[in-house]
Every structure is written in C-alpha cells, then in structure tokens.
Amino acid sequence: MPEEDLPKAEPEAEAAPPPAQQELDAEVRRESARRSRRSFVAAGAAAAAGYGFYRWIGGSEVVGRQPLPLRKAYDANAAISRAIFHEGNLAPTYSRGKAVADLRTNGFYGLGSELVPESWRLQLVGVEDPRKHPQYADDVTAWNYEYSADGSAGSERAGGMTPQAHRRGSGEAGPSASALAPGTPGLLLTMDDLRKLPHHDLVTEFKCIEGWSEIASWGGVRLTDLIAAYPPARLADGGLPRYVYMETPDGDYYCGYDMAAARHPQSLLAYEMGGKPITRWHGAPLRLHMPIKYGYKQIKRIGLIAYTDVKPDDYWTKLGYDWYAGL
Ligand SMILES: Nc1nc2c(c(=O)[nH]1)N[C@H]1C(S)=C(S)[C@@H](COP(=O)(O)O)O[C@H]1N2
Ligand SMILES: [Mo]
C-alpha cells in the first residue's frame, strides 16, 4: 500500500472500522477521558497540600534557580503534555525520495547473537480467549529461539556473546521486571501471520535523543491492526488493559507503551526498510517504528508483545529517561 493510504489528517477520517474495532476505539477514548479527570484531581490535591508543601520546596536543593522538586514536577508535566498533544496528532510524512538509502544504526541490546529466521515467533500474551486461535501455546516462554554461530562483521558491538553464555537481561539496565513467568499461555505468531494483516508504507523522520535524525522509509503492519486482530482480554471490571509491553527474544531490551500510543495509526511493526527486508542491525525480522516518539522506544527484534494493566518496565526509563519519550 502506498504511504498515501495512511491517514494524513484525523485518524477518524479512515473508513469506518469493524464493530469490534469501534468498540475498542470508544473504550480507549473513555479510558483517556477518565485518566485526564484523574490528573485534575491529583493537581487539586497537590495545591490543597498548602503550607507544608511549600516549606518542603523552600528547604530543598536548588537546580538552575528552580528548587529541585518544582523542577522535577515541571519536567514531568511538560513531558506529559507534550506526549498527550503529540499522541493525538500525526508525525509529518515525506515522499519516498526524501528517505536515506540506509538509516544509521544505533543501540544493539538484544541483537547480540544471530537469530535463525525460521526459529522466530512473536509471543503474544494477554489476548482474549487465546485458545480459540490455532497459534495457541500453553507456555510461550518455552519457545526455543535458535541462534547461529556468529562470525558476522559488527557482532562485537552487540556484546558478541555466545547464546550459551547469555543471561536474560544482561544489558546495563538489568533484567526486566515485566519478564513473563514460566508457564505463561499465549499465542506464537509467525511472519506469515503478520503478513496477513494490511501492509502499510510510511516515510517519516527517525529521531534519536542523542541528537541525530534521518528520514527513513518503513514497511509493515500497524500495531493497531494487530491489536484489533488479536484483541486484549478484558479486565475484571470490563475495561481494557492500559499498556503494551515488548521485549527482545533474549530479554535484554524492553519497552513499555500506553495503549493509546500503541494504537496510534503510525505505530508500525516494521519488517521492511527502504522496500527491502529489514536487516539484522535494524531489528530483523520485526521491529517497532513509532514516529511520535524518540528512537529509544522503537524496539528492534521483537520477541514478545504483551497487553497488561500493570505499568511495564522500560529499559531507558529505568536509567532515568522519560517514559513518554514524546517529540
Ligand atoms: N533491541 C534494541 N532495540 C533498540 C535499541 C537497542 O539497543 N536494542 N536502541 C534504541 C535506540 S536508542 C535507537 S536510536 C534505535 C535505533 O534504531 P536503528 O539502529 O534502526 O537506527 O533503536 C532503538 N531500539
Ligand atoms: Mo537512540
């Protein structure tokens, strides 16, 4: 599908989604309204805390003429409003000719050993009524990803360790607190399953927080279409889980997202770059491209996608970076 097929204005301008999808959309809107009401209540409570609150600020360390607690609240509020503003909007798109031939590569956690392509599966967890799908497995964590002996150029930049010597979560941030417990049921999807979803092309600017950005051309399926095809299980109160969590097969890199960001129409599970299959260092066979956020949220070589109502662990958030990573 040409990039023109992706909505350019309002996501609502799309052809009417199927009823199940409409219901999901309405649910997401209700949930976000509920949450903004909740943040008003929180702001009111903070204002009402009054004297004690100001004394606490007065007695604290000063950062750039702003007391530290104020500065932190300011940063957090700015990040949240940026995220909410941009998540309702679309990132600019470009013509194919504007894209670089090959995007820079950066960040190699979780890509340390060469993955045998045929051994790749997408573990999908938190799905409603998983047993009705032919891809059901009663323990997705038992899936065996195979790695080949790695003599490839550049493998040392990812640690170059042998799969045998590998411990899950061996990156700087350590193991994920959201890793699945053994015995977790779910689905094991193949690339063919993913290719059955509608294909989209997207030419957008990729921004790394380290200070570089390049226009790249991506092809793949929208995360929102995957979520619609394999909808999340309802919570006890009938609502939908608020988050999506993703991990590399070896558990070394992991990211968490709000459901609204995951369902943004430009959040793409990419298997192509520049019209060709995505390469190892860009995250073969499947990586996330999310142009409303910085590169560190765009996880390469996805092994697991889980719907969850518990705020997921996130590699760079753990190391002090912003959860929203909004632009
Ligand atoms: N698995 C994995 N995904 C990752 C990273 C990583 O270290 N490991 N780094 C992130 C960061 S910080 C950036 S900027 C982008 C870079 O993507 P690229 O190499 O395709 O340009 O990947 C993101 N996804
Ligand atoms: Mo980055």
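The values are calculated or read from the model by the stated rules, or taken from the named source; none is laboratory data. All values reported here derive from a predicted model rather than from experimental measurement. Note that each Cβ is placed from the backbone with ideal geometry, even for glycine, and that neighbours are counted across all protein chains shown.
Residues that are over 16 Å from Y324 (Cα atoms) and buried (at least 22 other Cβ atoms within 10 Å of the Cβ) within the stretch 252-265 comprise D252, Y253, listed in sequence order.
Go through the stretch 301-326 and give me each residue that's assigned to a loop (DSSP other than H, G, I, E, B), more than 12 Å from ligand 1 (Cβ to nearest atom), of a type outside the set (D, E, K, R) and more than 11 Å from the chain's Cα centre (by Cα). Spell out how you get there, then give the answer.
First, the residues of the stretch 301-326 that are assigned to a loop (DSSP other than H, G, I, E, B): 301-303, 309-314, 319-325.
Those still in the list that are more than 12 Å from ligand 1 (Cβ to nearest atom) too: 309-313, 320, 322-324.
With of a type outside the set (D, E, K, R) added as a condition, the list becomes 310, 312, 320, 323-324.
If the condition is that a residue be assigned to a loop (DSSP other than H, G, I, E, B), more than 12 Å from ligand 1 (Cβ to nearest atom), of a type outside the set (D, E, K, R) and more than 11 Å from the chain's Cα centre (by Cα), then V310, G320 are the ones that fit.
If you filter the stretch 198-247 down to residues that are farther than 20 Å from A99 by Cα and among the aromatic types (F, W, Y), you find that the one that is nearest to ligand 1 (Cβ to nearest atom) is Y245. Only one of the numbered conditions (1) closer than 21 Å to W143 by Cβ; (2) in contact with a Gly (Cβ under 9 Å, 6 or more places away or on another chain); (3) not aromatic (F, W, Y) is not met by L226, and that is (2).
Looking at the stretch 185-263, the strands (runs of 3 or more DSSP E) lying wholly inside it that each contain 3 or more residues that are touching an Asp or Glu at 6+ places or on another chain (Cβ under 7 Å), in contact (Cβ under 8 Å) with a residue 40 or more places away in the chain and in the same structural domain as K297 (by TED's automatic domain parsing) sit at 199-208, 212-222, 254-258.
Among the conditions (1) within 16 Å of ligand 2 (Cβ to nearest atom); (2) β-branched (V, I, T); (3) buried (at least 21 other Cβ atoms within 10 Å of the Cβ), the only one that I209 does not satisfy is (3). Can you find a residue that is buried (at least 20 other Cβ atoms within 10 Å of the Cβ), away from ligand 2 (no atom under 16 Å from the Cβ) and within 11 Å of the chain's Cα centre (by Cα) anywhere in the stretch 278-297? There is no residue in the stretch 278-297 that is buried (at least 20 other Cβ atoms within 10 Å of the Cβ), away from ligand 2 (no atom under 16 Å from the Cβ) and within 11 Å of the chain's Cα centre (by Cα).
Just one of (1) among the aliphatic types (A, V, I, L, M); (2) within 16 Å of ligand 2 (Cβ to nearest atom); (3) modelled with pLDDT under 95 fails for L240. It is (2).
Examine the stretch 287-300 for a residue that is of a type in the set (V, I, T), assigned to a loop (DSSP other than H, G, I, E, B) and more than 26 Å from G169 (Cβ to Cβ), and state whether such a residue exists. Looking for residues that are of a type in the set (V, I, T), assigned to a loop (DSSP other than H, G, I, E, B) and more than 26 Å from G169 (Cβ to Cβ), one finds at least one in the stretch 287-300, hence yes. Taking each residue of the stretch 98-112 that is among the β-branched types (V, I, T) and looking for partners that are within 10 Å of ligand 1 (Cβ to nearest atom) with beta-carbon atoms closer than 7 Å, six or more apart or interchain, yields V100/E214; V100/A216; T105/W281; T105/H282.
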